[in-house]
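See below for the structure under consideration.
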Amino acid sequence: MNLKETDLPGIGKKFVVETKSGDKLAIIIHDDGRREVFHYDRDDHDEINSLVTLNDDEARYVSAIIGGITYKPTALENIEVALGDLIIEWYRLDPQYKAIGKTIGDLRIRQRSGATIIAVIEKNHSKHINPGPDLLLTSDALVVVLGEHLHQQQIRQILLSGIS
């Protein structure tokens, strides 16, 4: 993948992405929050095939979908998104995880690992955004965690061992 970023004074910022598969996208983020996504012809990278315009809320929903927050492909055991030194990782609480049946507070996750659980998505698809310490962790839940690499290693051990 090739990424090019350009400031557009008075407009916003432009990102051009050329994928390994040969597709070219241009994404313009306007200062008013609007996003425009251009898809170019594979054979002529100057010819626009389609344009999608999204408001700020729509763009955030689409990015969550593409980023895997609402659905994690079963073929991927662990997804990582890097934000500088911060990483967002998803952990599926398979039956061997000893944290199942305990609350976030019981496990003292933030105090022990430095990581923050930013969401928990239950097997029945109910979502807990920024869950509190009283949330009970259940089997097959997807736990979304924000932290640095060391924090992620520590939270993985806490979730696996369930030791509070």
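Condition check: at pLDDT 95 or above and either assigned to a strand (DSSP E or B) or not hydrophobic (A, V, I, L, M, F, W, C) (or both). Does Asp134 satisfy that?
Yes: the conditions hold for Asp134.
For the stretch 18-101, which fully contained strands (runs of 3 or more DSSP E) count at least 3 residues that are in contact with a Leu (Cβ under 9 Å, 6 or more places away or on another chain) and modelled with pLDDT under 90?
Here the list reads 86-92.
Give me the residue from the stretch 88-119 that is β-branched (Val, Ile, Thr) and buried (at least 19 other Cβ atoms within 10 Å of the Cβ) and, out of that set, nearest to Gln154 (Cα to Cα).
Ranking the qualifying residues of the stretch 88-119, first place goes to Ile109.
Looking for something open to solvent by less than 30 Å² (accessible area, probe 1.4 Å) and closer than 15 Å to Gly101 by Cβ - is there at least one such residue anywhere in the stretch 145-152?
no
Name, by its number, the condition in (1) under 19 Å from Ile66 (Cβ atoms); (2) free of Cβ contacts under 8 Å to residues at least 12 places away in the same chain; (3) out of contact with any Phe, Trp or Tyr (no Cβ under 8 Å at 6 or more places or on another chain); (4) not aromatic (Phe, Trp, Tyr) that does not hold for Gly33.
(2)
Kindly list, by first and then second residue, each pair from a residue in the stretch 1-25 that is touching a residue at least 60 places away in the same chain (Cβ under 8 Å) to a residue that is surrounded by 12 or more Cβ atoms within 10 Å (Cβ to Cβ), limited to pairs with Cβ atoms under 9 Å and residues at least 6 apart or on different chains.
none
Report the residue count in the stretch 137-155 for those that are part of a helix (DSSP H, G or I) and out of contact with any Ser or Thr (no Cβ under 9 Å at 6 or more places or on another chain).
So the count comes out to 1.
The values are calculated or read from the model by the stated rules, or taken from the named source; none is laboratory data. All of these numbers come straight from a predicted model, not from anything done at the bench. A quick note on method: Cβ atoms are made from the backbone with ideal geometry, for glycine too, and the neighbour counts reach across all protein chains shown. Keep in mind that these areas ignore ligands, DNA and RNA; they rest on the heavy atoms of the full protein, side chains included. Shrake-Rupley method; radii C 1.70, N 1.55, O 1.52, S 1.80 Å.
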